[in-house]
Amino acid sequence: MDKLYDIAIIGAGPAGLTAAIYAKRAGLDVVMFENSAPGGKLVKTFEIDNWPGNPHVSGVDLALQMFGHTEELQVQTEFTGVREILDGHLKKIVTEDGRIFKTRAIIIATGTIENQMNIPGEEQNIGRGVSFCAVCDGAFYKGKEVVVIGGGNSALEESLYLTQFAKKVTIVIRRDVFRGDASVQQTVFDHPKIEIIRKHIPVEVLSADKKVIGIRLQSVDTKELTDLPCDGIFPYIGATPSTGFVKDLNICQEDGYIRVNDKMETCIKGIYAAGDVIVKPLRQIVTATSDGAVAAQMAFHYIKES
Ligand code: NDP
């Protein structure tokens, strides 16, 4: 394609959408790429309680509001993944569907993808009782028993969401303490439908007739194995940055997260990163939107000066 864009934004989660809003309002020519539904993790989150001014907003509603904002500003969105970035004074984006877009600056806001447990029985039972999205699949477990693995904010919040449907939710953690926020922990402790198994790790997904019937757990202390019957398993054990497509650019640290300075600049001029994909101490919607705004504003100055 011959057209030259000012900014290409990769990823339409809260960071990418905010960057698009700021860049467009600064008068830049913007193209945004998304390989799934706009909103990123928002669309997999039932309710958000810490978005200032709008407690209890649904994740899907907030995603639609943010995406609607970019549409109102006529941001061009291309629904395809990005395969590669070719660096140079003018940069090129190569999409999964084989197109090439030329741009002066790039903001990478591709977020993270959920980690799998990597245990026997997991892979073949995805969609048959193993799910990474309570909001998408929770309603299938009406009156059933489900197990949530992990003790971070995602595990705690999604466990609470699942109590609407399931008759029992068992949370399995490998230490004896949770990682998630204290306020959510307390709600979980107080919930009559939630049981907690501490100091156990999942070792096998058990299935019969092509559906999950339980999970085998191992005690961290005694190594003893226990089979816990259940109908569904929701692993929420952290996430990995979606940066495979930039591994040759040397902008990531060893674990895949992108290193940026306080201007959201990577070590390559004209390439910025924002949101969950960067090295940072707090991954939240508010910090992602903040990163997106900073990245867009800094890219604006870079484009005007280059
Ligand atoms: P976290 O990394 O915060 O938590 C992962 C959990 O999974 C931990 O309890 C960890 O145990 C456990 N775990 C990791 N690997 C394994 C394994 N192989 N087997 C068993 N358990 C395992 O991930 P989250 O996805 O919950 O959150 C990611 C980020 O997003 C965090 O910064 C979180 O605060 C943020 N977030 C914020 C929300 C909000 O504020 N509303 C909502 C959701 C996420 P251990 O503690 O022992 O390491």
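The values are calculated or read from the model by the stated rules, or taken from the named source; none is laboratory data. Since the structure is predicted, the reported quantities are computational estimates derived from the model, not experimental observations. Using ideal geometry, Cβ is built from the backbone for each residue, glycine included, and neighbour counts are taken over all protein chains shown.
Quick look at the numbers
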read-out	value
Failed item, numbered, when A273 is tested on (1) at pLDDT below 95; (2) crowded, with 24+ Cβ neighbours inside 10 Å	(1)
Members of region 101-118 found to be outside any strand (DSSP E or B) and either crowded, with 23+ Cβ neighbours inside 10 Å or touching a Cys at 6+ places or on another chain (Cβ under 8 Å) (or both), listed by number	A109, T110, G111
Residue count, region 259-276 (criterion: away from the ligand (no atom under 12 Å from the Cβ) and either under 24 Å from D29 (Cβ atoms) or among the small types (G, A, S) (or both))	12
Unmet requirement for T287, which otherwise passes all of (1) part of a loop (DSSP other than H, G, I, E, B); (2) of a type outside the set (A, V, I, L, M); (3) within 16 Å of the ligand (Cβ to nearest atom)	(1)
Filter result (in contact (Cβ under 8 Å) with a residue 24 or more places away in the chain, assigned to a strand (DSSP E or B) and over 12 Å from I9 (Cα atoms)) within region 63-90	R83, E84
E84 being within 16 Å of the ligand (Cβ to nearest atom), surrounded by 14 or more Cβ atoms within 10 Å (Cβ to Cβ) and not basic (K, R)	no
Matching option when the condition is closer than 30 Å to V294 by Cβ, outside any loop (DSSP other than H, G, I, E, B) and not assigned by TED's automatic domain parsing to the domain that holds S36, among V188, V184	V184
Test: residue in region 63-72 that is within 24 Å of K247 (Cα to Cα), within 16 Å of the ligand (Cβ to nearest atom), at pLDDT 95 or above and among the hydrophobic types (A, V, I, L, M, F, W, C)	no
Output for region 91-111, where each listed residue is touching a residue at least 24 places away in the same chain (Cβ under 8 Å) and on the phi > 0 side of the Ramachandran plot	G111
Any pair with Cβ under 7 angstrom, 6 or more apart, that starts in region 112-130 at a residue that is closer than 15 Å to G238 by Cβ and modelled with pLDDT of 95 or more and ends at one that is of a type in the set (K, R) and within 15 Å of the ligand (Cβ to nearest atom)	none
Members of region 129-184 found to be near the ligand (Cβ under 9 Å from one of its atoms) and of a type in the set (A, V, I, L, M), listed by number	I149, A155, L156, V172, I173, V177, V184
In region 229-257, residue nearest to the chain's Cα centre (by Cα) [restricted to those that are within 16 Å of the ligand (Cβ to nearest atom), assigned to a strand (DSSP E or B) and buried (at least 19 other Cβ atoms within 10 Å of the Cβ)]	P241
Residue within region 267-279 that is part of a loop (DSSP other than H, G, I, E, B) and closer than 30 Å to S131 by Cβ present	yes
Residues that are of a type outside the set (A, V, I, L, M) and closer than 29 Å to I48 by Cα, drawn from region 286-306	T287, T289, S290, D291, G292, Q297
